[in-house]
Amino acid sequence: MAYFKSIFLYVAILIHCEFNGVFIKSQNFEDISPLPTVFESRTLPVDENGNFLPRYMASVGNGHVATTVYTDTVYMNGLYNGERGESHRARIPSGNFIRMNPPSAQVQNQTFALDVAKGVFFERLTVGGARVEQRTFAHRYYTKVIVTQLQVTTGTESITFPLISSSGDPSADLSTPETGDFGTQLGARYMCAEIVQREDVRYQETIPKACSISTAVPTEVTFPPSSTIIQTFITAYGFNLESIEADFNAVVNLIVSGQHNEVYDTHVRAWTDLWTDGAIEVKGNDQLAKVVYGSLYYILSSLPVTTETNSPNEQFYGLSPGGLAYGSLLMDYQGHSFWDTETWMYPTVLYLYPDAAREILSYRLAVTRASRDHANETGYKGARFVWESAATGREVTPDCCPETRDLQVHITSDISFAIRQYISMTRDLEWLKETKENYVTNACGLLRDIAEFWTSRSTYNASTRFYDIKGVMPPDEDNHGVDNNGYTNIGAGYSIFYAKYAECLCGTSMDMEVPEEWLDLAKSLKLLYDEELDYHPEFEGYVFGTPIKQADVVLMGFPQLYDMPAATRRNDLLVYANVTREDGPAMTWAMHTIGFLELNDLEEAAEIFNKSYQLYLREPFKVWTEAKPPTLGAINFITGMGGFLQSIFSGYGGLRVFPEKITITKPRVLPDSSGLKLTGIKYLGNVIDADISPTNITLTLRQSSSGFPLTVSSNDGSPIDFVDSITYSTQVGELQLEISSKTPTNCELPYDKIGAQRQRPARRDNSDAKQITSKRQSQSSVILNCTTPGLIALTFDDGPSYNGNTESVLQALQEKGVKATFFVTGYGWDSSNLTADPRKQELLRRIQREGHQIASHTFTHTSFTETPRSREDIVNDITQLATAVRDIIGINLTLLRPPNGHYNSTVVELIHEQFGYDVINWNLSTEDWSHQDNIEASFQAYLNTMGDASTSTDSFIALHHDPVPRSGELARMAIDYVRSKGFRFVTVGECIGRP
């Protein structure tokens, strides 16, 4: 994630936060409840001027809908408005912003409480001799519904007080709504409205809409004397009325029949069952226990309910750093999913609630089509996941942040690693193999796609005989365009190794095998190591002691669990702990906590552990901010909560997950506490409790799985059957427990070691080498047309140019819905340097962003043959452009057009040998470089060449130049004519059968 992504976005965040009173002097928001699951205060969060701070307020949610209490906004899973980088959660006007408003002089004993055990926000007070309780909750059984209840117990007199109800201003994210009566006894009204702008029309054929149905809210309420009465007000939210009617009508029937308590009790029971199913209990430190419960609650509030519900769940759309209750335009990462989901929030969800973890992964499966397209459009194979994802899986990173968008590719292996962890914990082969309706593949196919992406993203280095992954942004976002980042390269290797392991698990459910050549490549990925200092440099050229933003190399030790000597792991931790920025994001310190616990440095670990939450926690409702004051960043930062929970589970709890076992190493209690209980760990269908005291750990098998009976072994004993409870002392040596199944997979474990062997020189795509050779032999050494009749590839040379003509071509292509191929140069017609001119760089990004293919026309556009050129000079010319393009947009080029179309067999052989590029010329030239703005003369080439052409026998590669005058007009004319002839437009990659 690009935290504080640009000056523009940063300023926007500051302005918004200041407007909402975030920059305030420290306020004493005291939590007055002694209960670890209740966060209670006598006041709502306000600034020093008494202004309400909604962004420090508690939220309620159930994975389908969420709202920050006492605000006029509801957000719904999967509902986004805005195109590409402007995609953000669409605000739905709330039907649940309801406040009782008795005369303030009469109010006594007013408190506000978030009870996470019940998933309910309470406001309680006494007024006029009556006890009043208001409840707000997103129902966990009737999941389309948010409920507001008033329970009033009166004394000897009746009481009347006003109600305030407001849905706020009309939503800027929704079109003018259709409204009307919804026939019930409670006077309900409905609203339906389409979003204003789709994220990507290619993946959203219809315009999404939001609908709500609300019961009427009176302006005042009266309660008779000596009675206890509940009034219930509800609003249901969904994508259409049909999807929410069942929940709405069911709750209305309960209300009409007077079963208000049943509305409340079914919700509370569902939360009680959830906490019984899995929890983290801290003993002897109630304040720390509150932080733990709060962190779990806010993450769970953003996840779908996986137990029985009244109406079926819809597709889940991922966890965002701010949770489901946040994500407006330019705020809180706009509700997008990043690596935060799989790397930071997901692990604890997996350990306790694997069904919810499966839904997280299924979101990635649902957008695999877009991920395959993204790989293709950026010059790679397989599936490449975007850095920021929302409704469609297309890239929605704002334009402010091209480096994170284009270069932070480790997200793809993070997703593969998450699938690996899920299968390791569950052995859920049914999910692995199942292809759902509207999904383009199953998880077996996705794992292979990810592996294939990394084989195409890696480049062979003939001098080192290793494979490099160049031009990336690592987790340390202070650096970008770097080569061979250890975390990235290990993730790539793991993705390939695990795909081979999954091939065994999947059997015929993986459509194609994982070639052995891919494993050889993975073993040959470069891993940087400094022998003298015995540590891993972060990237090629890293200078020892250079400050970094956040955890990076330390992630190799955990969560990647990369096998290395203990001394090297220690040095990595010590080196990077000393240079990590103090103002880094919250979750970084969790990884350092885990590391220092490995080193048995308990004092340092405790200090960092306390720092990992105390600096980021906002009272009274345990809301987290991304950064410490005065720059707070995203709210409510569940990414930080996820890291914090990992430091408990895998730091003090010692849990590690491997493909066919889990281990618990050196379990300890948390600082300033007397015990830690990890309740409901799910492993292969078994349910395990781990109860840790200062002297012992007791493992209890709460529920066994007949399919996967378990054994437990310690480092001082042989395996024993795990059938009940087993207690081990933590005081003797460094205890390590290993839990595994008696039912192994019988699949060879992943190799999981990179940099282990050097390679002989290989072509860019070994798996297709024979195919490529045969095609070249049949088409000659330079390609002039497509492999399939009926196709035509539009190509544009010599750009990009900021004279307005490249932009006119892009506009024409967008209007006509055509994808083209741009053969770009370092110095174009405007003579400016691509590496130094931000205008040309932005044009290059736009070309990529709009889905066109980018190819090489060399950096200098100097003919290969008109004047003698050395091999070294030609190689440098091609390499210079390839490096520039990779640094700017993060892709490797695969096609080259010789400058002026000039070549000879020696040059072509050199290009094939050194770069593996396909060499492309044309069989239809507009000669527009000569005709300039006489587009009628240029267009004559189409009439002359295609006049008698047949879609059954002919295909074309057409040559244009985007910097020439009126190039956009010429493109429109050509497109219309070609379509009238029945030919189909493709990129050159598609034209030659290598998209």
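Every residue in region 271-320 that is over 28 Å from the mean Cα position of the chain (by Cα) and among the hydrophobic types (A, V, I, L, M, F, W, C), please.
Initial filter on region 271-320 (over 28 Å from the mean Cα position of the chain (by Cα)): 272-273, 276, 281-289, 310.
V282, L288, A289 - these are the residues of region 271-320 that are over 28 Å from the mean Cα position of the chain (by Cα) and among the hydrophobic types (A, V, I, L, M, F, W, C).
Taking the stated definitions as given, is E540 surrounded by fewer than 14 Cβ atoms within 10 Å (Cβ to Cβ), without any contact (Cβ under 8 Å) to a residue 24 or more places away in the chain and in a loop (DSSP other than H, G, I, E, B)?
no
Would you mention how many residues in region 867-897 are at pLDDT below 95, basic (K, R) and in a loop (DSSP other than H, G, I, E, B)?
Residues flagged as at pLDDT below 95, basic (K, R) and in a loop (DSSP other than H, G, I, E, B) within region 867-897 amount to 1.
Looking at this structure, is E133 farther than 22 Å from D72 by Cβ, acidic (D, E) and modelled with pLDDT under 95?
Taking the combined requirement at face value, the residue does not satisfy it.
Does region 142-185 hold any residues that are part of a loop (DSSP other than H, G, I, E, B) and of a type in the set (S, T, N, Q), and which are they?
Those that are part of a loop (DSSP other than H, G, I, E, B) and of a type in the set (S, T, N, Q): T143, T154, T156, S158, S166, S167, S171, S175, T176, T184, Q185.
Taking region 819-866 as the search range and keeping residues that are of a type in the set (G, A, S) and part of a loop (DSSP other than H, G, I, E, B), which one is nearest to V986 (Cα to Cα)?
Applying the filter and picking the extreme gives A820.
For every residue, the table says whether it meets (1) touching an Asp or Glu at 6+ places or on another chain (Cβ under 9 Å); (2) without any contact (Cβ under 8 Å) to a residue 60 or more places away in the chain; (3) not in a strand (DSSP E or B).
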| residue | (1), (2), (3) |
| --- | --- |
| K611 | no, yes, yes |
| P620 | yes, no, yes |
| K628 | yes, yes, yes |
| T631 | yes, no, yes |
| G642 | yes, no, yes |
| S650 | no, no, yes |
| I664 | yes, no, no |
| L678 | yes, no, no |
| D689 | no, yes, no |
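Give the residue that is nearest to G318 (Cα to Cα), with candidates limited to residues of region 344-366 that are open to solvent by 10 Å² or more (accessible area, probe 1.4 Å) and under 16 Å from the mean Cα position of the chain (by Cα).
E359
Tally the residues that are open to solvent by 10 Å² or more (accessible area, probe 1.4 Å) and outside any loop (DSSP other than H, G, I, E, B), restricting the search to region 89-99.
The qualifying residues number 2.
Can you pull out the helices (runs of 4 or more DSSP H) entirely within region 898-995 that have at least 3 residues that are crowded, with 23+ Cβ neighbours inside 10 Å?
967-980
Residues A113, A105, A117: which one is more than 23 Å from G168 (Cα to Cα), modelled with pLDDT of 95 or more and open to solvent by 20 Å² or more (accessible area, probe 1.4 Å)? Even if it seems obvious, please write down each step before you answer.
On the way: A113 fails: open to solvent by 20 Å² or more (accessible area, probe 1.4 Å); A105 fails: modelled with pLDDT of 95 or more.
The conditions single out A117.
Can you confirm whether Q134 is open to solvent by 10 Å² or more (accessible area, probe 1.4 Å) and either among the small types (G, A, S) or without any contact (Cβ under 8 Å) to a residue 40 or more places away in the chain (or both)?
no
Within the bounds of region 366-383, is there any residue that is closer than 25 Å to I662 by Cβ and either modelled with pLDDT under 95 or in contact with a Lys or Arg (Cβ under 9 Å, 6 or more places away or on another chain) (or both)? Steps first, please.
As a first pass, look at region 366-383 and keep what is closer than 25 Å to I662 by Cβ: none.
No: zero hits.
Which one is modelled with the lowest pLDDT among residues in region 597-621 that are within 20 Å of G327 (Cβ to Cβ) and open to solvent by less than 10 Å² (accessible area, probe 1.4 Å)?
Looking at residues that are within 20 Å of G327 (Cβ to Cβ) and open to solvent by less than 10 Å² (accessible area, probe 1.4 Å), I get Y616.
Consider I847 against the criteria (1) open to solvent by less than 10 Å² (accessible area, probe 1.4 Å); (2) of a type outside the set (G, A, S); (3) over 35 Å from the mean Cα position of the chain (by Cα): it satisfies all of them except one. Which criterion is unmet?
It is condition (3) that I847 fails.
Within region 773-783, is even one residue at pLDDT 90 or above, open to solvent by less than 20 Å² (accessible area, probe 1.4 Å) and over 34 Å from the mean Cα position of the chain (by Cα)?
Yes, because at least one residue in region 773-783 is at pLDDT 90 or above, open to solvent by less than 20 Å² (accessible area, probe 1.4 Å) and over 34 Å from the mean Cα position of the chain (by Cα).
Could you check how many residues of region 491-532 are assigned to a loop (DSSP other than H, G, I, E, B) and either in contact (Cβ under 8 Å) with a residue 40 or more places away in the chain or open to solvent by less than 10 Å² (accessible area, probe 1.4 Å) (or both)?
Step one: list which residues in region 491-532 are assigned to a loop (DSSP other than H, G, I, E, B), which gives 510-515, 524, 526-529, 531-532.
Then keep just the ones that are either in contact (Cβ under 8 Å) with a residue 40 or more places away in the chain or open to solvent by less than 10 Å² (accessible area, probe 1.4 Å) (or both); that gives 510-512, 514-515, 524, 526-529.
So the answer is 10.
Scan region 681-704 residue by residue and report those that are farther than 18 Å from V723 by Cβ and either open to solvent by less than 10 Å² (accessible area, probe 1.4 Å) or polar (S, T, N, Q) (or both).
Once the filter is applied, which keeps residues that are farther than 18 Å from V723 by Cβ and either open to solvent by less than 10 Å² (accessible area, probe 1.4 Å) or polar (S, T, N, Q) (or both), region 681-704 yields I692, S693, T695, N696.
Being of a type in the set (K, R) and within 28 Å of the chain's Cα centre (by Cα) is the filter; apply it to region 112-154 and report the residue that is farthest from V252 (Cα to Cα). Before the answer, list the steps.
We begin by selecting, within region 112-154, every residue of a type in the set (K, R); these are 118, 124, 131, 135, 140, 144.
Subsequent filtering for residues that are within 28 Å of the chain's Cα centre (by Cα) retains 140, 144.
Details: R140: 16, K144: 13 Å.
Checking each candidate, the answer is R140.
Which residues, counting only those in region 543-583, are free of Cβ contacts under 8 Å to residues at least 40 places away in the same chain, in a loop (DSSP other than H, G, I, E, B) and either among the β-branched types (V, I, T) or closer than 27 Å to V657 by Cα (or both)?
The answer is V543, T546, M564, P565, V579.
The values are calculated or read from the model by the stated rules, or taken from the named source; none is laboratory data. The shown structure was predicted, so the numbers you read here are calculated from the model rather than taken from an experiment. We place every Cβ from the backbone using ideal geometry, glycine too, and count neighbours over all the protein chains shown. The area values use the complete protein model at the heavy-atom level, side chains included, leaving out ligands, DNA and RNA. Shrake-Rupley method; radii C 1.70, N 1.55, O 1.52, S 1.80 Å.
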